[in-house]
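This report refers to the structure that appears directly beneath it.
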Amino acid sequence: MMKTASRLSKLGAAALLAVGALATTSGTAQAQEKFTYMTNWYAQAEHGGFYQAVATGLYKKYGLDVSIKMGGPQVNIVQMMAAGQAECVMGSSDLQMIQMREGGVPVVNVAAVFQKDPQVLIAHEDVKKFEDLKGKTILIASSAQRGYWPWLKAKYGFTDSQTRPYTFNIQPFVADKNTAQQGYLTSEPFAIAKAGVKANTLMFSDQGYPAYATTISCMDKTVKDRSAAVASFVKASMEGWKSYLADPAPANALIKKDNPNMTDEQLAYSVAKLKEMGMATGGDAAAMGIGIMTDARAKASYDFLVESKLIDPAKVKLTETYTTSFVKDLKVLP
């Protein structure tokens, strides 16, 4: 009898061990797969959906342990990704990443959060439209020469002699009424208004500038070898963006932790602008889902770069620069 009881207790213990083993192989108990995404600037509302997916556990839900690393003015995020320090990076625009590819870095766009590029020119109140900027001084960053500046020159007849360097400081603009400056829809106009200056904001995308912005861009090798992780990251991120635009508080707490200079007032302004202008939810995203890229838009960006002589089509094919496979069936609708 004792032997039988002992045997039964051993069988019970074995059964418990088996149940425990099953539990550790179930989805909830598995180790999360590490995944690093590097942004293109200091933490801000424009990165909100990614921080939201961390804050609300969306990445964990899809089996990922995601780290969001901040970029900044002195950080070459593509170089760091190529060196294995991030799985994917945030392209300022799809144009930027196409040019990186032409330069020899095998990077591919897999999603685009912003359906419009938030790049703007900010002018004093006498300027009502782009055409009014002829003859005025325009402050632009050096990177503009490989992006929107050739487009503005071709469309409006602006000249290089009009330009001066933009130093990411609004004071030269504030001090000179004959000056306009570049900016981001969600950022510099707020700072300029806070300085008490009346200004008008002119958006490139309203005039046909083709670029997507805030991309998820990854190395070819990552897309090939870790396609399941990339798919999970893209899906969770777009759900994060939908959640952020509904209630930004969880992400904003993390944004302020990463970037203590960020204020609640700036965050509120930026979120309101993102919603008002349908940056993530307008255009094709309204019907096809947040993060969508289309063949037609990708071709428009590529064609612009070719026509502006910003890339050599012999060095990079359109089909190498992007894939819609991660977003076409997502349908994370606003």
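Among the residues of the stretch 211-243, those identified as open to solvent by 10 Å² or more (accessible area, probe 1.4 Å) and either at pLDDT below 95 or among the polar types (S, T, N, Q) (or both) are 222, 227, 232, 243. Pairs meeting the criteria (first residue in the stretch 138-163 and closer than 16 Å to residue 100 by Cα and among the basic types (Lys, Arg), second residue in a helix (DSSP H, G or I) and open to solvent by 30 Å² or more (accessible area, probe 1.4 Å), beta carbons under 9 Å, at least 6 apart or on different chains) are 146/96.
All of (1) open to solvent by 10 Å² or more (accessible area, probe 1.4 Å); (2) modelled with pLDDT under 95; (3) touching a Lys or Arg at 6+ places or on another chain (Cβ under 6 Å) hold for residue 178 with one exception: (2).
Scanning the stretch 51-76 for residues that are surrounded by 24 or more Cβ atoms within 10 Å (Cβ to Cβ) and closer than 28 Å to residue 167 by Cβ returns a single hit, 51. Condition first: in contact (Cβ under 8 Å) with a residue 60 or more places away in the chain and either open to solvent by 50 Å² or more (accessible area, probe 1.4 Å) or out of contact with any strand residue (DSSP E or B) (no Cβ under 9 Å at 6 or more places or on another chain) (or both). Now tell me which residues in the stretch 77-91 satisfy that. Hit for the stretch 77-91 is 82, nothing else. The residues of the stretch 310-319 that are touching a residue at least 24 places away in the same chain (Cβ under 8 Å) and either surrounded by fewer than 16 Cβ atoms within 10 Å (Cβ to Cβ) or over 21 Å from residue 107 (Cβ atoms) (or both), listed by number, are 312, 315. No other residue among 272, 246 is out of contact with any Pro (no Cβ under 8 Å at 6 or more places or on another chain), exposed (fewer than 15 other Cβ atoms within 10 Å of the Cβ) and farther than 21 Å from residue 203 by Cβ apart from 246. So is residue 24 in a helix (DSSP H, G or I), of a type in the set (S, T, N, Q), surrounded by 10 or more Cβ atoms within 10 Å (Cβ to Cβ) and modelled with pLDDT under 95 or not? It is true that residue 24 is in a helix (DSSP H, G or I), of a type in the set (S, T, N, Q), surrounded by 10 or more Cβ atoms within 10 Å (Cβ to Cβ) and modelled with pLDDT under 95.
Results for (1) more than 15 Å from the chain's Cα centre (by Cα); (2) assigned to a helix (DSSP H, G or I), shown as yes or no for each residue.
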| position | (1), (2) |
| --- | --- |
| 89 | no, no |
| 92 | no, no |
| 96 | no, yes |
| 104 | yes, no |
| 117 | no, no |
| 128 | yes, no |
| 149 | yes, yes |
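Within the stretch 156-164, can one find any residue that is of a type in the set (Phe, Trp, Tyr) and touching a strand residue (DSSP E or B) at 6+ places or on another chain (Cβ under 6 Å)? No: zero hits. Take the residues in the stretch 165-185 that are touching a strand residue (DSSP E or B) at 6+ places or on another chain (Cβ under 6 Å) and among the aromatic types (Phe, Trp, Tyr), then tell me which one is farthest from residue 129 (Cα to Cα). Only one residue tops the list, namely 166.
Within the stretch 276-299, can you find the residues that are buried (at least 16 other Cβ atoms within 10 Å of the Cβ), part of a helix (DSSP H, G or I) and not aliphatic (A, V, I, L, M)? 297, the sole residue that qualifies. Applying a threshold of 7 Å to beta carbon distances and a minimum spacing of six or more residues, or different chains, the list of pairs starting in the stretch 181-194 at a residue that is on the phi < 0 side of the Ramachandran plot and in contact (Cβ under 8 Å) with a residue 24 or more places away in the chain and ending at one that is part of a strand (DSSP E or B) and open to solvent by 20 Å² or more (accessible area, probe 1.4 Å) reads 182/119; 184/119; 185/201; 189/199; 189/201; 192/199.
List every residue pair whose Cβ atoms lie under 7 Å apart, where the two residues are 6 or more positions apart in sequence or sit on different chains, the first residue falls within the stretch 286-305 and is under 17 Å from residue 318 (Cα atoms), and the second residue, located anywhere, is aliphatic (A, V, I, L, M) and open to solvent by 20 Å² or more (accessible area, probe 1.4 Å). Correct list of pairs: 298/318; 299/318; 302/318. The set of residues from the stretch 146-163 being surrounded by 14 or more Cβ atoms within 10 Å (Cβ to Cβ) and not small (Gly, Ala, Ser) comprises 146, 148, 149, 150, 151, 152, 153, 155, 156, 158, 162, 163.
The values are calculated or read from the model by the stated rules, or taken from the named source; none is laboratory data. Given the structure is predicted, the values throughout are model-derived calculations rather than measurements. Cβ coordinates were reconstructed from backbone atoms using ideal geometry, including for glycine residues, and neighbour counts include every protein chain displayed. Side chains are part of the model used for accessible areas, which takes the heavy atoms of the whole protein and leaves out ligands, DNA and RNA. Shrake-Rupley method; radii C 1.70, N 1.55, O 1.52, S 1.80 Å.
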